[in-house]
Amino acid sequence: MNINKNTEIQQRVRELVKELSNGVSDFASKIGTHQSTLSRALAEGNTLGDGLINKIVIAFDIKKDWIMTGVGEKYEKKSSQDINEVSYGDFIVMNVPLVSRYAYDDYLNNYLDDDYVNRLPKFPFSKGGEQGRYIAFEMEGDSMIDDTDRYVEGAILLCREIPKSLWGQITQYMKKWDFVIVHKEGILIKRVVNHDVENHRLTLHSLNPLYSDRVVDLVDVRQIFNVVKLQRGMQI
């Protein structure tokens, strides 16, 4: 990366720091890194690595092309989800579209239809710091049920969509997150244990030892969400 281009990228990120946070420390916390790491990357003569840029893209729904070039829209397309937020002072509740276990097939056929998604029933979650497009999925089946009792059938999973532009970097999040994979054959709640980047394949793992690992081609994947939070009832 040439010096001028890197300087321009740093300037755009500094612009985001001013716009979206209360300073470098707050911004670093929101993207999940240390203040010292971000400060070094923004220092004159240093380089913002791809890992940091991806963290910014995920945390704030920024278009990566805008960070890299300054061209086009800054943000990914905003959904109408913001309309479904209720503020109680500093406490914000998101009313997130809920895909029940009985609506899996309908969602698979209509996931690109914003009107359909907006008509889905809503489920309340307390809002965290990260921006993004959230969908809640009701867990069906026993493929993720093991002796830890973390996942149970009927649990509600708050999930944040991972933009397709970042699917290539999913390896760095495999140990951190569980995933909801919207696949052409259905909605899968799995862990990702391997990403064959060259052949565009994911190896999916079930916690239940009765189920074998499954390899899926990303060509057959419609959406990928990371599981942010699990709820077993209506408690916020």
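Here, each number is a calculation from the coordinates, and none is a lab measurement. Model, not experiment: these values are computed from the prediction. Methodologically, a virtual Cβ is constructed for each residue, glycine included, from the backbone with ideal geometry; neighbour enumeration extends over all protein chains shown.
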Original post:
In the set (1) -0.33, -1.35; (2) -0.47, -1.24; (3) -0.26, -1.20, which value of log10 I(q)/I(0) by the Debye sum over Cα atoms at q = 0.08, 0.17 Å⁻¹ was calculated from the structure you see?
Top reply: (1)
**OP:** Kindly write out, for segment 188-197 in residue order, the coupling ³J(HN,Hα) from the Karplus curve 6.51 cos²θ - 1.76 cosθ + 1.60 (θ = phi - 60°), rounded to whole Hz, with x marking Gly and Pro.
**Re:** 10, 10, 9, 9, 9, 10, 7, 10, 7, 4
Original post:
Is segment 106-194 rounded, prolate or oblate when judged by the Cα gyration tensor, a ≥ b ≥ c being the square roots of its eigenvalues, rounded requiring a/c under 1.5 and prolate requiring a/b larger than b/c?
Top reply: rounded
**OP:** Give the relative contact order (percent, whole number) for segment 154-236; include only Cα pairs under 8 Å separated by 6+ residues.
**Re:** 41 percent
**OP:** Highest first, please rank the peptides 192-204, 210-222, 51-63 by the mean number of other Cβ atoms sitting within 10 Å of their residues.
**Re:** 51-63, 192-204, 210-222
Subject >> Sorted peptide list for 112-123, 133-144, criterion being average Cβ within 10 angstrom, highest first >> reply: 133-144, 112-123
**OP:** Would you list which lysines come within 27 Å of residue 5, measuring only between C-alpha atoms, while excluding same-chain residues fewer than 8 positions from it?
**Re:** 18, 30, 55, 63, 64, 74, 77, 164
